[in-house]
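The values are calculated or read from the model by the stated rules, or taken from the named source; none is laboratory data. Keep in mind that this is a model prediction, so the values were computed, not measured. All Cβ positions, even for glycine, are placed from backbone atoms using ideal geometry, and neighbour counts span all protein chains on display.
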Amino acid sequence: MATRPVLLWPDPRLSTRCDAIAAIDDDLRRLTADMFDTMYDAPGRGLAAPQVGALVRLFVMDGGWKEGTPSPRVMINPEIIAASEERIEMVEGCLSIPGIETPITRPATVEMRWMDLEGEIHEAKLIGVEARIAQHELDHLDGMVSFDRLPTKTRAQYEKDYAG
Ligand code: ZN
């Protein structure tokens, strides 16, 4: 098991748009394995590559492992191809903003397209907690954290709480 240090907001690498992945090689496979180790160790349900300082479009997630129903996913170059009109508020935590949970409104379900570590393309509709995690992690690949989804006034209060 190899965990990597998780960057804490406001590290500038967390505000950087990440590059698409052109090739799947041993470095990428090692990064992915380390990201799973880091996520489960934290413990968390999702982790994006920039959170461990790798500015590439990759995240790992597992929406059910804490409830004993693991469903690990690796998403390379993920994109949202459709989102539900129904939007719901859910509380989100982030391993890069420890101790802070923010209520964020997002589409309830999303259709995603991504590549796996074998280079295969997948398309699937994600619902529930998986839809939420995928949208949160995809934001990281675009240089956004949960604070960036909050109204200005609310954000100021959460940032103050975070700064302690
Ligand atoms: Zn996060």
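Tell me, please, whether a residue that is surrounded by 13 or more Cβ atoms within 10 Å (Cβ to Cβ), under 12 Å from the mean Cα position of the chain (by Cα), within 28 Å of Asp41 (Cα to Cα) and modelled with pLDDT of 95 or more can be found in the range 95-116.
Yes.
Within the range 51-63, identify whether any single residue is part of a strand (DSSP E or B), among the small types (Gly, Ala, Ser), under 15 Å from Val129 (Cα atoms) and in contact with a Leu (Cβ under 9 Å, 6 or more places away or on another chain), and answer yes or no.
Looking for residues that are part of a strand (DSSP E or B), among the small types (Gly, Ala, Ser), under 15 Å from Val129 (Cα atoms) and in contact with a Leu (Cβ under 9 Å, 6 or more places away or on another chain), one finds none in the range 51-63, hence no.
Quick one: how many residues across the range 141-159 are in contact (Cβ under 8 Å) with a residue 60 or more places away in the chain and in contact with a strand residue (DSSP E or B) (Cβ under 8 Å, 6 or more places away or on another chain)?
Residues flagged as in contact (Cβ under 8 Å) with a residue 60 or more places away in the chain and in contact with a strand residue (DSSP E or B) (Cβ under 8 Å, 6 or more places away or on another chain) within the range 141-159 amount to 2.
Out of (1) hydrophobic (A, V, I, L, M, F, W, C); (2) within 22 Å of Leu28 (Cβ to Cβ); (3) surrounded by fewer than 17 Cβ atoms within 10 Å (Cβ to Cβ), the odd one out for Val74 is which?
Val74 satisfies all of (1) hydrophobic (A, V, I, L, M, F, W, C); (2) within 22 Å of Leu28 (Cβ to Cβ); (3) surrounded by fewer than 17 Cβ atoms within 10 Å (Cβ to Cβ) except (3).
Does Ile88 satisfy the criteria of being within 19 Å of Asp148 (Cα to Cα), within 14 Å of the ligand (Cβ to nearest atom), surrounded by 13 or more Cβ atoms within 10 Å (Cβ to Cβ) and of a type outside the set (Asp, Glu)?
No, not satisfied.
Working carefully through the options Ala49, Ala131, Ala124, find the one that is free of Cβ contacts under 8 Å to residues at least 40 places away in the same chain, surrounded by 21 or more Cβ atoms within 10 Å (Cβ to Cβ) and within 30 Å of Asp26 (Cα to Cα).
Answer to the check: Ala131.
Could you pull out the residue among Asp19, Asp11, Asp62 that is closer than 23 Å to Gly99 by Cα and free of Cβ contacts under 8 Å to residues at least 40 places away in the same chain?
So the residue among Asp19, Asp11, Asp62 that is closer than 23 Å to Gly99 by Cα and free of Cβ contacts under 8 Å to residues at least 40 places away in the same chain is Asp62.
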